[in-house]
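Each value in this text was obtained by applying a stated rule to the coordinates, not by laboratory testing. Given the structure is predicted, the values throughout are model-derived calculations rather than measurements. Cβ: placed from backbone, ideal geometry, glycine included. Neighbour counts: every protein chain shown.
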Amino acid sequence: MPNTNKSEENILEINNLQTTFFTEESEVKAVDGVSFTIPKGKTVGVVGESGSGKSITSLSILRLVDKPGKIVGGEIKFKGENLLDKSETEMRKIRGKEISMIFQEPMTSLNPTYTVGQQINEAFKIHEGLGKTSARKRSLEMLKLVGIPSPEKRIDQYPHELSGGMRQRVMIAIALACNPELLIADEPTTALDVTIQAQILELIKDLQQKLHMSVLLITHDLGVVAETCDYVAVMYCGKIVEFADVKSIFNNPQHPYTVGLLSSLPPHDRDIEGDLPVIPGAVPSPDELPVGCRFAPRCAHASDICNTLPNLVTNENGNQVRCWIYSDKWDGNPEVEVNAERTT
Amino acid sequence: MQKELLKVTDLKQHFPIKGGVFGRTVNHVKAVDGVSFTIYEGETVSIVGESGCGKSTTGRSILRLDEPTSGQVEFDGKDLLAFSKRQMRKNRKDMQVIFQDPYASLNPRQTVRQILKEAMTIQNAVPKEKQDERVIELMETVGLGKHQIDRYPHEFSGGQRQRIGIARALSVDPQIIICDEAVSALDVSIQAQVINLLKKLQREFNLTYLFISHDLGVVRHISDRIIVMYLGKIVEIADKKSLFSNPQHPYTKSLLSAIPSVNPDQKRERIILTGDVPSPIDPPTGCRFHTRCPFATERCATETPELRTSDYMKDGHQAACHYIEEIESGLHQVKQ
Amino acid sequence: MFTYVLRRILQTIPVLIGVTLLVFSLMHLIPGDPAQIMAGESAPKEQVENIRERLGLNDPYPVQYWNYISGVLQGDLGNSVRTGRDVTNEIGVRFWVTVELAFYSMILSIFLGLIAGIVSATRQYSFSDVTLMIVALFGLSMPNFWLGLMLIQWFAIGMDVPSWIPFIENTAWFKPSGWGSFEQIVLPVITLGTGGAAIIARMTRSSMLEVIDQDYIRTARAKGAKERVVVYRHALKNALIPVVTVVGLQFGALLGGTVLTETVFAINGMGKLVIDAIQARDFPIVQGTVLVAALLFVLVNLLVDITYRYLNKRIDLN
């Protein structure tokens, strides 16, 4: 029940966040009124397909959205203070110290012209003003912490000399160097092989416990979410369509999009006879979004009322869903069974 | 007995590394190192493995997109490696390929009509006057609209582009299609659509697929038989059911256990492998997996295990491990 | 590293042989007889023939080439046909003048080019970006002999300045010819360096813009690094990689440019030497100068490649 929590128990509260990309021809609302909270010490996952706005949401928190993107509204409360009111200098003191971030591509996220050590040192220099020797000592400790074998050798190597998994460990070492309270992980394992992914997820979980961090995990991989998150936000076309604890999302999904997403994923632990259930059509282009519910054109249950945008409503379990089916205004089939098509 | 369509024997693909003062070949990347398997007509065989295991290179070598170093590739009774480049081009009509990134493999300056017609013309598959008709037919087959025929690739979404790639492969009426990570770049909801399309086409045209993927969920859904590769070698080969319910090679076991499950209630015992995949330039001696294998002994470091079957395995299930029986019976335990 | 340098030096041998062969053939293909020029236009045939014989010009070409090459290998570049002086000496006196001119111009190109490129890239589409790029386009399209003549007109001969501008009466600040003093160096260096500065500026700008979009720049910002650190420490070092290659190639253009610049400013360097020698069909001088220039170019590019290696750790030289 994330949203009924009192604010001091939430490390992060995002309210009605809006991030828009301005081009000469159009305005694309990549993040369109997103609200959710991250309870202290918990892991919240944001899932969605490409174009859902999940990555822009995560970049917005640290105010790292590149031009022509701009945060145009809402608030991002970190420990009660709105990050959108902070000056650039104040933000710099938060980035890498209180909130850290790791990215999808460990191959390209490290600077190819500096050694691993130099790149970790930098975090200590910026936030703790450490000199070369003491920064190096701390960097070595960090490399050990993230499980890099023979750190004394690795510290002087360049990123291209390391494997993908090792590089992601180095990214984690940089991110966790100053003991942040919140780690934002944007698709941290997408570029990695399954056996390496298992290692990295295990490492993040392990370090989260050791360092008492909260984690925001952005991913498109439902399996990763199921294994690591406490709460899950499902995004579609810039909006959250469902927010719930992880068990509810997977065992009793409410929104037809969540249901469709779960059932179109071919499972690896059982066989499906015949065709996979599919969500028909494709994600609408961001400049031609439907006026009402964004998912209505692809939804099997859509009715007249879906031409009006539904609100994100909290149900009796404390979970949230953005769908007319669960309101008393529903004008479609009263017997609609959203979960019927699921095979489990 | 089904008809053998593709038979690969001891296929090797070693890429030279140049170095030294005179740019001599100083070493080789042993991307594929002695791979043998057979694909029967109408079935789907998948190759799975992690990056660098040689699964994509195997596909490319079969098509001679990279000339293999040695080995034999027999397709429909013909020895492909004995063909001249020209004969090979002719024979590619029967062997098509779909790549991971549909955008990179479609010419951005050609419309769908031009792309499909060009494929037909190169292979002389359809007479000129019938090509337009065939293009429309193909588009309908892969689920694209007739009105999209004169659009350029950038006007399509990722899933639609992959459909164009599939239409292009189908345009020459092939017998086998090699799908190299064909659905990996697609979003889940689109991926399901394309998988269903591939299965539908297989039923309709009696196609044979060699499906190369790292996604075990997709592989389980689409395949009849599965090949697991590690560092250029096959470690296990089995029909789908046996592989997923009764994996024998320790690598296959850890690979299967590493996939995150979408069921949050299910907390499985997971075998987390330590370390990284070693370099294919200088692969470990003996069993290539022994450096990461929890069961490895000295014998594994010296003696290369061959693919073999055992009493625990049926229906052509084979694995390359010295200790299949011992591990299965519990006699051989993980070193603590 | 050592094997790399060794390999590169070994590679220059065929390059230098090719260069001499090419120059040798070209010089013999163009019309004009050095013996005739030496003897004077109205000289009797026997005298011309004598000179030809003395210079070995009657030998078959391969023999002439062989004689030349074996001389070169012993450090003997031959004697000038025109003056009879030792070619090594002739070049030696002028070598450092040209090297200085090229070196200062290069420094000016790099300095101006980098600053303009960085300013442009960090303020993309701003007023300063647009202005700088227009100036760079001018610099690029202006032939350097023209620029040289204009600079002489304005700042060496000088313009009379209207009396309402205080302190300045005439702009004849520099000298129009010669080499050595500061007043003599400024104008030729500007003349020769402008084109390179423009190319480097444009290259730096596009390279910086590309690098600024990279993931590791975002990582640096996410670490909390100041924008200045992000630009100079993280972006610039990577952006320099393609720029360095351009600088190396630019040096070749610069060496060619010295010929015109030295002629315009009457500087007694290798460029002027070679122009005079070509006019007199003075083969040994032309051969020698081209050989030295080629060697210089190869060496500078070796240096560039070593710098490249230092910047780009992904290139393993061995």
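For chain A, divide the Cα radius of gyration by the Kirkwood radius and give the resulting Rg/Rh value with two decimals.
0.99
Roughly what would the spin-label model give for B:ARG203 and A:ASP66, points 7 Å off Cα along C-beta, in nm?
4.5
Take the cross-link list B:LYS90/B:LYS240; A:LYS54/A:LYS205; A:LYS93/A:LYS132; A:LYS29/C:LYS223 and give me the ones stretching past 24 Å between alpha-carbons.
Beyond 24 Å between Cα atoms: B:LYS90/B:LYS240; A:LYS29/C:LYS223.
What ranking do A:ILE76, C:ILE115, A:ILE240 get, fewest neighbouring Cβ atoms within 10 angstrom at the top?
C:ILE115, A:ILE76, A:ILE240
Counting only C-alpha contacts under 8 Å and six or more residues apart, can you give the relative contact order of chain B as a whole percent?
Computed value for chain B: 19 percent relative contact order.
Going Cα to Cα from B:LYS18, which aspartates and glutamates come in below 14 Å? Please leave out same-chain ones fewer than 8 positions away.
Once the sequence-local aspartates and glutamates are set aside, what remains near B:LYS18 is C:ASP316.
State the extension gain, in nm to one decimal, for the chain segment bounded by B:ARG270 and B:ASN246, taking 0.36 nm per residue of separation less the distance between their alpha-carbons.
7.1 nm
Dipole size in debye (nearest 20) for chain B around its Cα centre, Lys and Arg Cβ +1, Asp and Glu Cβ -1?
It works out to roughly 840 debye.
Only Lys, Arg, Asp and Glu count, each charged at its Cβ (+1, +1, -1, -1), so figure out the dipole size of chain A about its Cα centre, rounded to 20 debye. Each step should come with its number before you reach the end.
Values: 35 positive and 46 negative charges, 338 e Å.
That gives chain A a dipole magnitude of about 1620 debye.
Can you tell me the relative contact order of the range A:99-179? Whole percent, Cα pairs under 8 Å, sequence separation 6 or more.
Reported relative contact order: 46 percent.
Using a 10 Å cut-off around each Cβ, can you sort B:MET88, C:MET38 from fewest to most neighbouring Cβ atoms?
Going from sparsest to densest Cβ surroundings: B:MET88, C:MET38.
Between 0 and 90 degrees, rounded to the nearest ten: what's the tilt of helix A:132-145 against the longest Cα principal axis of chain A?
50
Which loop-located trypsin sites (Lys or Arg not before Pro) does the range B:95-134 contain, where loop means any DSSP state but H, G, I, E or B and the Cβ has at most 10 other Cβ atoms within 10 Å?
Loop-located and lightly packed - B:ARG109.
Using alpha carbons only, what's the Rg to Rh ratio of the range A:19-127 with Rh from Kirkwood?
Rg/Rh: 0.98.
Loop-only check: which GluC sites (Glu not before Pro) in the range C:172-274 are DSSP coil with at most 10 other Cβ within 10 angstrom?
none
What value in Å³ per residue do you get for the convex hull of the alpha-carbon atoms in the range C:166-245?
Per-residue hull volume (Cα only) is 163 Å³.
Can you classify chain C as rounded, prolate or oblate using the Cα gyration tensor, where a ≥ b ≥ c are the square roots of its eigenvalues, rounded means a/c under 1.5, and otherwise it's prolate if a/b beats b/c and oblate if not?
Verdict is oblate for chain C.
Give me the number: length gained by fully extending C:ASN58 to C:ARG7, i.e. 0.36 nm times residue separation minus the C-alpha to C-alpha distance, one decimal in nm.
Gain on extension, C:ASN58 to C:ARG7, equals 14.5 nm.
So for the range A:99-179, what are the equivalent ellipsoid semi-axes in whole Å, largest first, each being the square root of 5 times an eigenvalue of the Cα gyration tensor?
18, 14, 11
How big is D for the protein assembly as shown, in µm² s⁻¹ as a whole number, if Stokes-Einstein is applied with the Kirkwood radius of its Cα pairs at 25 °C and 0.890 mPa s?
73
Give the distance, in whole Å, between the Cα centre of the range B:252-316 and the Cα centre of the range B:173-239.
Between the Cα centres of the range B:252-316 and the range B:173-239 lies a distance of 22 Å.
Give, in whole angstrom and from largest to smallest, the semi-axes √(5λ) of the equivalent ellipsoid of the range B:191-269, with λ running over the eigenvalues of the Cα gyration tensor.
They are 24, 18, 10 Å, listed from largest to smallest.
Which percentage, to the nearest 5, of the DSSP beta bridges contained in the protein assembly as shown is antiparallel?
The antiparallel fraction comes to roughly 60 percent.
Is any helix in chain C, taking whole DSSP H runs, at least 30 angstrom long along its axis by alpha carbon and on average at least 0.0 on the Kyte-Doolittle scale, and which ones?
Qualifying helices, which must be both long enough and hydrophobic enough, are C:2-29, C:87-122, C:182-212, C:236-264, C:283-311.
Ranked from highest to lowest mean number of other Cβ atoms within 10 Å per residue, what is the order of the peptides C:7-18, B:170-181? Don't jump to the answer; show the numbers that get you there.
Working: C:7-18: 12.7, B:170-181: 21.9.
Sorting C:7-18, B:170-181 by mean packing, highest first, produces B:170-181, C:7-18.
Based on the alpha-carbon set only, what is the convex hull volume of the range B:66-193 divided per residue, in Å³?
Per-residue hull volume (Cα only) is 125 Å³.
Going by Cα centres, the range A:79-121 and the range A:198-269 are how many Å apart?
24
What is chain C's relative contact order, in percent, from Cα pairs under 8 angstrom and six or more apart in sequence?
25 percent.
So if I average 1/r over every pair of distinct C-alpha atoms in the range B:3-133 and take the inverse, what Kirkwood radius in Å does that give? Show your work: numbers first, answer last.
Values: mean 1/r = 0.0583 Å⁻¹.
Evaluated over the range B:3-133, this radius sits at 17.1 Å.
Provide a whole-number value for the mean count of partner chain Cβ atoms within 10 Å of the Cβ atoms in peptide A:240-248. Write out the running numbers ahead of the final one.
Numbers: counts 0, 0, 0, 0, 0, 1, 2, 3, 1.
Average per residue, whole number: 1.
Taking the Cβ of each residue in C:GLU41, A:GLU181, A:GLU122 as the centre, tally the other Cβ atoms inside 10 Å and list the residues starting with the fewest. The partial results should precede the final answer.
Details: C:GLU41 6, A:GLU181 19, A:GLU122 25.
If I rank by nearby Cβ atoms, fewest first, I get C:GLU41, A:GLU181, A:GLU122.
How far, in degrees from 0 to 90, does helix B:188-205 lean away from the longest principal axis of the Cα atoms of chain B, to the nearest 10?
70
With a ≥ b ≥ c the root eigenvalues of the C-alpha gyration tensor of the range A:141-210, is it rounded (a/c under 1.5), prolate (a/b larger than b/c) or oblate? Intermediate values should be presented prior to the final figure.
Values: a/c = 1.66, a/b = 1.13, b/c = 1.47.
Oblate.
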